[in-house]
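One structure is given below, encoded as structure tokens.
Every read-out reported here was derived from the displayed coordinates using simple, explicitly stated rules and does not represent laboratory data. Predicted model, so just to flag it, every value in this text is computed and none were measured. With ideal geometry, Cβ positions are generated from the backbone for all residues, glycine too; neighbour counts draw on all protein chains shown.
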Ligand SMILES: [Zn+2]
């Protein structure tokens, strides 16, 4: 009898170990990095966009449909960030589990206080790619808290047997984030009030969190390439305002940013906007370690 109950316990343990790993697909490497931190060895995580890509305009590779077909969970940013490339892939994947509204779908924007939510309707025909608010909320490190909490809740709902494991990992993630944030804030504090120009409206959450000031963007509107008229108006304005940095992602064209930096007397800084956007930027913490080191270097 005793042997039988031991055998039973062993079978249970074997069963728990053999429980299928949740198969997670995240649109951006940042969401994937957080999902890995929470899910540990109980999940497999794939990201669709690379950190070197523009998250609005991702190159949809045929493998994406296969990956989405096998997913238990799709994590997207939402706020129309992926609207230009994700919907046809999800439709093509024929996987009911990950459709919007299904248990295997998570839209992170629902858990975030979005910046720049328009109070009047935006004319989409003008090509503005931020018509319902700024979707680049991954760049406020403290948004790691609601993002990781939403992911932990979702993973726990999909795999309740692992709920306490996910919860413990989420708490660890938030503790590390708080510790790192105190360091980052200390390094960034002397830059408070510094005026910057960015290429796209992608660093607004970072700028707000660390007390920088956005004096303008090289794009006349989010998603619209810089025009001579816009640049010629921006340069004297940025000069008059004493803009110190022109911030662009490493994948942006360099000619216009270099020209503007030169004309304004500002420093051109390359800051990845996503995990994987530069070498050794392999997780959410390393993204801010890297970007903050870049912007404060040689100050
Ligand atoms: Zn954008």
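Between residue 110 and residue 164, what is the FRET efficiency for a Förster distance of 30 Å, r being their Cβ-Cβ separation, to the nearest 0.05?
The computed FRET efficiency comes out at 0.75.
Determine, for 181, 64, the number of other Cβ atoms within 10 Å of each Cβ, and report the residues in order from fewest to most.
If I rank by nearby Cβ atoms, fewest first, I get 181, 64.
Could you calculate the contour length gain from residue 296 to residue 44, that is, 0.36 nm times the residue separation minus the distance between their Cα atoms, to one decimal place in nm?
Working: separation 252, 0.36 × 252 = 90.72 nm, distance 3.55 nm.
Answer, rounded to one decimal: 87.2 nm.
Give me 30, 54 sorted ascending by neighbouring Cβ count inside 10 Å, so fewest comes first. Walk me through the numbers before you get to the answer.
On the way: 30 30, 54 18.
Fewest to most other Cβ atoms nearby, the residues stand as 54, 30.
List the relative contact order of region 35-128 as a percent without decimals, with contacts defined as Cα pairs under 8 Å and 6+ residues apart. Let's see the in-between values first.
Numbers: 81 pairs, mean separation 22.6, N = 94.
Contact order relative to length: 24 percent.
Sort out for me the Cα centre separation of region 116-178 from region 99-115, rounded to whole Å.
8 Å
Taking only C-alpha pairs under 8 Å that are 6+ residues apart, what is the relative contact order of region 150-236 in percent?
Relative contact order, region 150-236: 18 percent.
So between residue 171 and residue 258, what do we pick up on full extension, going 0.36 nm a residue minus the alpha carbon distance? Provide the component values of the computation, followed by the final result.
Values: separation 87, 0.36 × 87 = 31.32 nm, distance 4.26 nm.
Taking residue 171 through residue 258 to full extension adds about 27.1 nm, to one decimal.
Determine the percent antiparallel among the DSSP beta bridges restricted to the chain, to the nearest 5.
5 percent
Hey, what's the Cα Rg ratio for the chain versus the globular rule of thumb, 2.2 N^0.38 Å?
Numbers: Rg = 21.6 Å, N = 299, 2.2 N^0.38 = 19.2 Å.
That works out to 1.13 for the chain.
Pulled fully out, how much extra length does the chain show between residue 63 and residue 221, if you take 0.36 nm times their separation in residues and subtract their Cα-Cα distance?
53.7 nm
Could you work out how far helix 144-158 tilts from the main Cα principal axis of the chain, as a 0 to 90 degree angle to the nearest 10?
30 degrees
Order by neighbour count: 198, 100, 27, 296, fewest other Cβ atoms within 10 Å first, most last.
Placing the least packed residue first, the sequence is 100, 296, 27, 198.
Relative contact order for the chain: what percent, with Cα pairs under 8 Å and sequence separation of 6 or more?
17 percent
Hey, what angle do you get for helix 284-296 against the long axis of the chain, alpha-carbon based, 0 to 90 degrees rounded to 10?
20 degrees
Going by alpha carbons, how many degrees (0 to 90, nearest 10) lie between the helix axis of 2-18 and the longest principal axis of the chain?
20 degrees
What FRET efficiency comes out for the pair residue 96/residue 208, r = Cβ-Cβ distance, R0 = 41 Å, nearest 0.05? All intermediate terms of the calculation are to be shown ahead of the outcome.
Details: r = 38 Å, r/R0 = 0.94.
Using R0 = 41 Å, I get an efficiency of 0.60.
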